[in-house]
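Everything below concerns the one structure shown next.
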Amino acid sequence: MQKGKIGVSSDNLFPIIKKFLYSDHDIFLREIVSNAVDATQKLRTLASKGEYSGDVSNAKVSVKIDKDAKTITVSDNGIGMTSEEVEKFINQIAFSGAEEFLDKYKDDANAIIGHFGLGFYSSFMVSNQVDIISKSYREGATAIRWECDGSPEYTLEAAERAEVGTDIVMHINADSEEFLEKARISEMLNKYCKFLQVPVVFGKKTTWKDGAEVDTEEDNQINDVAPAWTKKPVDLTEEDYNNFYRQLYPMAEDPLFNIHLNVDYPFNLTGILYFPKLKNTVEVQKNKIQLYSNQVFVTDSVEGIVPEFLTLLHGVLDSPDIPLNVSRSYLQSDSNVKKISSHITKKVGDRLAQLFAEKREDFETKWDDLRLFIEYGMLTEDKFYEKAEKFFLFKNTDNKFFTMEEYESLIKPEQTDKDNNLVYLYTNNPEEQYSFVQAAKNKGYDVLVMNNVLSTPLINKLEQKYTSKRFVRVDSDVAEHLIAKEEPKHELSWEEKNELSPIFKAVCPENKDYGFVVDFKDLGENSFPMVITRNEFMRRMKDMSAMQGGG
Ligand code: ADP
Ligand code: MG
C-alpha cells in the first residue's frame, strides 16, 4: 500500500471548501455524476477512433444508496484511472485547482453561489471519507483503490474490479444523512442530471403490488440523453417543442412560440427559448431559463447573465463556453457570456420581426401576452429597441393595431401642440375617460389605448426618441388646447369658478398632491358640462414616482 500527502500547501482545505459552499451541498452529486459521464464519453471517443476495442454500447452511470453502510456510490464503465492518473488528476491537479479557485474568491464569499461546484472534491462537503475504485481501459492495467478521509493524507493500493470503469464511494457524514434518502437523491438527479448525455440509472422502476411499492426488472433511468435543444430544428415539430416545454415545466400552459438557438461561431450555443403567456401582469415568473454546459445543469438563475428583459423568457440555454466551476460574478464579467447575451437579444428581436412579418394576425392576437416583454426590452436594451420599432404595436380605442410608422398617418396635420409637435392622444382607462375619448373622436382624432404597467415609462422613452412627438392623455390640459380650438360655449365667471373649485377639489383627492387644473368647458352634446383637466407632465411624473416606489 502506498501512502501519500495530497499536494497542497495549506494544511487542510476541506474546512474551507465546506465553508464556502455551505449554501448548496447538493452540488456534489452533479460533480461526481458529471465526472462519470465525462469518463464514459472519453471511452466512447477512444472506441470510435479504434483505440479501445471493448464494448461501449451499453455505457451507463449508476447511482446507489446503501442506508446501512451510509454510502452513496456512483459507478461508471468509462475510461477509468491508473494509479499514476489518480496521482495526477486527483491528488495534484484537482486539489491545486480547488486552492486556486478558493484563493481567487475568498473575499467574495457571497459570489460563490452553491451552484458552482469544485469538481471531485465537492464530495467532501457531505462525506467523511471518499473511496475511488477504478480500473483503467489501458491494456494490462490493474485496478486501484484510493481512500481519503478528508485530511490531506490518502492511501492508494491495488484492488479488485473486473470491469473497466470507476466507483466513487462516498461515506456520508452525520450532518448530511438527508442524502441517504431516496427521494432526496431523486430530486437532485432530476435537477442536475435530467439531460446528461449518458444514461443515468437510479435503482429500478417501481410498481405497486398489494398496496406496497416493489421494484421491477427495469432500470430507473432518470435522464433524457437527447433533449430537444440538441436536435436539428428541421427534425422537430411544434408538438415536439411543446412537449419539451412540458418536460421542463410540467404545470405550465403552452407557450406562445419558441426560438431555437444554434450557433457554432464565434462561440457555441444551443438552446430553446419560449415566450410564456405573460399577460399584463407584474407578477411574472422570472428566472425560468435553465443554463446548461454540455447538458450539465449550471443554474436556473440567469439574472445578470442575460439582459433583464430576457429573464422573462423560459427555456434552456446550453453552452460549453459557459464555464461550470466559476462564481457568478466571474460569469457576469466573462466575455463569452457577454457575447452570448447580446447574440440572444438579437435573435429574439429577429424572431419577433419574422413572426410579425409572416403572421401579423397571429402576432396581433398574442399582443397582450407579448407587449409587456417587448416594452420591457425597448425600455432597457437599445439594441432591442431598434429592432422592436418595426413590430411594436399601438392599439387604438377601436382595437385596431398599428406599427409606429403606420400610426403616424393617422395623425392629422393640425394635430399639434403650440410648439408644433405632433400630438398622440391616448387614454389609460377608456371607461373612465369615455367622454374625453368621445370628444376627441368627435373632432376626428384617433385615440390610443396605453394602459399597461409600462405604458408611462414607454411614453417617456418614445418622446426621448422622437423629439417632435408628444403623448397627451385625453383628459390633460394640453389636450384642451388641442381639441377645443373653438371657444367654449359657456364661460364661467371668475367668481363662479372660485366657488366651484373647492367642491371639485374635495371629490378628487389626488388634487392635493399635484396641481391639476379645475377647468370648465363644453365637450359637446351628451357630455358633462364641466371637466377637470390635469397637467400631462405633472401627472406623468407622479405616475413614474409611484412606479418606482413599488406602486
Ligand atoms: P474536472 O472534471 O473539472 O476535470 P474534477 O475535480 O471533477 O475536475 O475531476 C478531476 C479529474 O479526475 C478529472 O479531470 C478526471 O481526469 C478524473 N476523474 C474524476 N472522476 C473520474 C471518473 N469517474 N473516471 C475517470 N476519471 C475521473
Ligand atoms: Mg468534474
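The values are calculated or read from the model by the stated rules, or taken from the named source; none is laboratory data. Every value quoted in this text rests on a predicted model; they were computed, and no experiment measured them. All Cβ positions, even for glycine, are placed from backbone atoms using ideal geometry, and neighbour counts span all protein chains on display.
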When the stretch 434-459 is checked residue by residue, the ones that are within 21 Å of Asp368 (Cα to Cα) and in a loop (DSSP other than H, G, I, E, B) are Asp446, Val447, Met450, Asn451, Asn452, Val453, Leu454
Residues of the stretch 173-227 satisfying the condition of being outside any loop (DSSP other than H, G, I, E, B), touching a residue at least 40 places away in the same chain (Cβ under 8 Å) and among the β-branched types (Val, Ile, Thr): Ile185, Val200, Val201
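Results for (1) under 14 Å from Phe28 (Cβ atoms); (2) surrounded by fewer than 17 Cβ atoms within 10 Å (Cβ to Cβ); (3) more than 16 Å from ligand 2 (Cβ to nearest atom); (4) hydroxyl-bearing (Ser, Thr, Tyr), shown as yes or no for each residue.
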position: Phe124; (1), (2), (3), (4): yes, no, no, no
position: Glu139; (1), (2), (3), (4): no, yes, yes, no
position: Glu160; (1), (2), (3), (4): no, yes, yes, no
position: Asp175; (1), (2), (3), (4): yes, yes, yes, no
position: Ala183; (1), (2), (3), (4): no, yes, yes, no
position: Asn190; (1), (2), (3), (4): no, yes, yes, no
position: Phe195; (1), (2), (3), (4): no, no, yes, no
position: Val198; (1), (2), (3), (4): no, no, no, no
Residue match in the stretch 70-85 (condition: farther than 28 Å from Lys5 by Cβ, within 16 Å of ligand 2 (Cβ to nearest atom) and either at pLDDT below 90 or β-branched (Val, Ile, Thr) (or both)): no
Residue under evaluation Asp350, criteria (1) at pLDDT below 90; (2) surrounded by fewer than 16 Cβ atoms within 10 Å (Cβ to Cβ); (3) closer than 27 Å to Thr230 by Cβ, criterion not met: (1)
Among the candidates Ala69, Ala39, which residue alone is within 12 Å of ligand 1 (Cβ to nearest atom) and either within 18 Å of Ser136 (Cβ to Cβ) or part of a loop (DSSP other than H, G, I, E, B) (or both)? Ala39
Filter the stretch 24-66 down to the residues that are small (Gly, Ala, Ser) and surrounded by 22 or more Cβ atoms within 10 Å (Cβ to Cβ), then identify the one that is nearest to ligand 2 (Cβ to nearest atom). Ser34
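Yes/no per residue for (1) assigned to a loop (DSSP other than H, G, I, E, B); (2) crowded, with 16+ Cβ neighbours inside 10 Å; (3) within 16 Å of ligand 2 (Cβ to nearest atom):
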residue: Phe120; (1), (2), (3): no, yes, yes
residue: Asp131; (1), (2), (3): no, yes, no
residue: Arg145; (1), (2), (3): no, yes, no
residue: Ser151; (1), (2), (3): yes, no, no
residue: Thr155; (1), (2), (3): no, no, no
